[in-house]
Ligand SMILES: Nc1ncnc2c1ncn2[C@@H]1O[C@H](COP(=O)(O)OP(=O)(O)OP(=O)(O)O)[C@@H](O)[C@H]1O
Ligand SMILES: [Mg+2]
C-alpha cells in the first residue's frame, strides 16, 4: 500500500479527516482534521470539554467515530456506514501501532512493571518472551525504572507509574504515541521527570499527538499546535505563532486563563 505523502514529501504517520463524534444528540467533535508526518509532535490544547480526549479516543477506536476517516501509516481504517469499524482485526492491528498514555496511568495493578511492559508484545504481538524481556529492561532503563522492574504499581509514585506507562506504550514500537494529559494527575514535583521522558521522545523523532495543559512544554516540544474549541479546530499553527500571536479571540482568552 502506498503511504500518503504530504507536500514536502514526508510520509504521514497519522491522518484524521473530518472526524465527527456525537454522544446521543450532543455533537462533541464537529469535523476535526489533522495530519502528523513522521517525527511531528502535534500538541492539542483547549478548554475542558472541548473534545481533546474524545479526539484521541476516536483515533485509536476506544470510541467509535460517528463519521470521518482515520489513516495510520497510509492504511485507512475501514468503517461501515454507521461509522463502526468494519474489521475488528484491522482495528486491533492499527491500535497496536498507537501507544496510548492516559492521565490516570492505567497500569495493570496485579502485575509488576516488567510484566506490564511485556504483556502486549508477548500475548498480542507474539514476541518471544526473552526478546520482549530484554527490550522491556531497556525501556525501563530509559525511563529511569530498571531497578523497579519487579515492583507492583501500587508501590510507586504517580510519576514513576506514568513513566512505566510510557515504557509500556513504547514496547510495541508504535508509529504514533498518543498522550492524554500525561502529567495532570501528578503532584507538581513529579511532573518534571515525566516531561523529560516525553521531551527525549520528541527529540529522537517519535511522532506524537499530545493533549496537554502544560503550555510552556507544548511551546517547547510541539512542531504544530491545534487549539480545539467546542469540537472544532479554532486555530492551528506553529507554536511560536499560536502562543505569541494568537489570532482568535477565544484562543487569546484561553491562553490568559492558563498562563
Ligand atoms: N462517553 C461519553 N458519553 C457522553 N458524553 C461524553 C462522553 N465522553 C465525553 N463526553 C462529552 O464530550 C465532551 C468532550 O469531552 P472530552 O472528554 O473529549 O473533553 P476534553 O477536552 O478532554 O476535556 P478535559 O480537559 O476536561 O479532559 C464533554 O462535554 C463530555 O461531557
Ligand atoms: Mg480530557
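Each residue in segment 20-38 was checked for being more than 16 Å from ligand 2 (Cβ to nearest atom) and touching a strand residue (DSSP E or B) at 6+ places or on another chain (Cβ under 8 Å), and 11 of them qualify. Criterion applied to 251, 226, 242 was being farther than 24 Å from residue 177 by Cα and either out of contact with any helix residue (DSSP H, G or I) (no Cβ under 8 Å at 6 or more places or on another chain) or in a helix (DSSP H, G or I) (or both), and the one residue passing it is 251.
Candidates are the residues of segment 6-26 that are in a strand (DSSP E or B) and over 19 Å from residue 226 (Cα atoms); the one that is modelled with the lowest pLDDT is 11.
Every residue, every condition in (1) more than 16 Å from ligand 1 (Cβ to nearest atom); (2) out of contact with any helix residue (DSSP H, G or I) (no Cβ under 9 Å at 6 or more places or on another chain); (3) part of a helix (DSSP H, G or I), yes or no:
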{"residue": "92", "(1), (2), (3)": "yes, yes, yes"}
{"residue": "100", "(1), (2), (3)": "no, no, no"}
{"residue": "117", "(1), (2), (3)": "yes, no, yes"}
{"residue": "130", "(1), (2), (3)": "yes, yes, yes"}
{"residue": "163", "(1), (2), (3)": "yes, no, yes"}
{"residue": "167", "(1), (2), (3)": "yes, no, yes"}
{"residue": "174", "(1), (2), (3)": "yes, yes, no"}
{"residue": "177", "(1), (2), (3)": "yes, no, no"}
{"residue": "185", "(1), (2), (3)": "no, no, no"}
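Scoring residue 151 on the criteria (1) part of a helix (DSSP H, G or I); (2) over 17 Å from residue 186 (Cβ atoms); (3) modelled with pLDDT of 95 or more leaves a single failure, condition (1). If you filter segment 32-52 down to residues that are within 15 Å of ligand 1 (Cβ to nearest atom) and at positive phi, you find that the one that is surrounded by the most Cβ atoms within 10 Å (Cβ to Cβ) is 51.
For segment 39-78, the tally of residues that are farther than 13 Å from residue 178 by Cβ, assigned to a strand (DSSP E or B) and either within 16 Å of ligand 2 (Cβ to nearest atom) or in contact with a strand residue (DSSP E or B) (Cβ under 7 Å, 6 or more places away or on another chain) (or both) stands at 7. Can you spot a residue in segment 83-90 that is over 23 Å from residue 163 (Cβ atoms), more than 16 Å from ligand 1 (Cβ to nearest atom) and in contact with a helix residue (DSSP H, G or I) (Cβ under 8 Å, 6 or more places away or on another chain)? Within segment 83-90, one or more residues are over 23 Å from residue 163 (Cβ atoms), more than 16 Å from ligand 1 (Cβ to nearest atom) and in contact with a helix residue (DSSP H, G or I) (Cβ under 8 Å, 6 or more places away or on another chain).
The values are calculated or read from the model by the stated rules, or taken from the named source; none is laboratory data. Worth saying up front: this structure is predicted, and the values here are computed from it rather than measured. Every residue, glycine as well, gets a Cβ built from its backbone with ideal geometry; the counts of neighbours run over all protein chains shown.
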